[in-house]
């Protein structure tokens, strides 16, 4: 059985600054997720937070990560752009990324989507009903046709993201709105998953169905290749091509002149 290396990243601000949130998640949202995911023998889980050096996402950590989970909210602007760039390159090379709830506004998700990722929202302690649209998809394995969260923050359309490669779930809220709540995209060699539930005021990340989705997403999105996409090398032809040598030499010289100028 393959071991999947999971890094759970959480800004870890609400839990520290707001006592009532700390009571919901005494070990932080990252701690709750690590506990829930860690019950699976095939997942090796580590955590990282905003306050750590390099936000806990050193080159070594990123290189060793098969799939990263991202939760952020009030600290999006505090995330270093250099760290975001490294996570972005890791996704393009094959690392999986699972973005949760308010992570829709994170720098990394917006960079990967190329849109503002805006939406409607409301905090009213209302019920959310999540419907499974693609029961045969691996991320939906083991789920009932729908499940409910008794209290959650509402997210509503329009969700400003590119049309998903796969739309797996849609949410209905007590106030009447609907939302595309679980979707996937491919970016480079990596797989990206967005999953909506997880407002910090509610113990959502202890719900068995929510944990099931995230667990399945870790397995589906986990890295299968490591192929860098940030180089565009000049290569020689496999067979003789008229003028190829002269053109290659001219191109190489043009590149050298450009670098030197």
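Please check: in the Gaussian network model of the chain (C-alpha springs, under 10 Å), which one of 62, 227, 108 has the largest mean-square fluctuation. Residue with maximal mean-square fluctuation among 62, 227, 108: 227.
For region 167-202 versus region 110-132, the inter-centroid distance based on Cα atoms is 7 Å.
With respect to the chain, whose longest principal axis is taken over its alpha-carbon atoms, helix 244-260 is tilted by about 70°. Counting every other Cβ atom within 10 Å of each residue's Cβ, 218, 117 order from fewest to most as 117, 218. The residue 229 and residue 41 beta-carbon pair, evaluated with R₀ = 51 Å, returns a calculated FRET efficiency of approximately 0.95.
Each peptide among 77-90, 195-208 gets the average number of other Cβ atoms lying within 10 Å of its residues, and from highest to lowest they stand as 195-208, 77-90.
When the Gaussian network model of the chain links Cα atoms closer than 10 Å, the mean-square fluctuations of 152, 239, 126 top out at 239. Of the options (1) 44, 34, 18; (2) 38, 20, 18; (3) 28, 19, 19, only one is semi-axes √(5λ) of the Cα gyration tensor in Å as computed from these coordinates, and that is (2). Shape analysis of region 128-171 yields a ratio of the Cα radius of gyration to the Kirkwood radius, Rg/Rh, of 0.99. Take 20-28, 95-103 and order them by the average number of nearby Cβ atoms within 10 Å per residue, most first; the result is 95-103, 20-28.
Taking a ≥ b ≥ c as the square roots of the eigenvalues of the Cα gyration tensor, an a/c ratio of 1.5 or more together with a/b no larger than b/c marks region 1-98 as oblate. Largest GNM mean-square fluctuation among 114, 31, 56, using the chain with Cα springs under 10 Å: 114.
No lab work stands behind these numbers, since they all come straight from the coordinates. Remember, predicted model here, so these are calculated numbers, not experimental data. All Cβ positions, glycine included, derive from the backbone under ideal geometry; neighbour counts span all protein chains shown.
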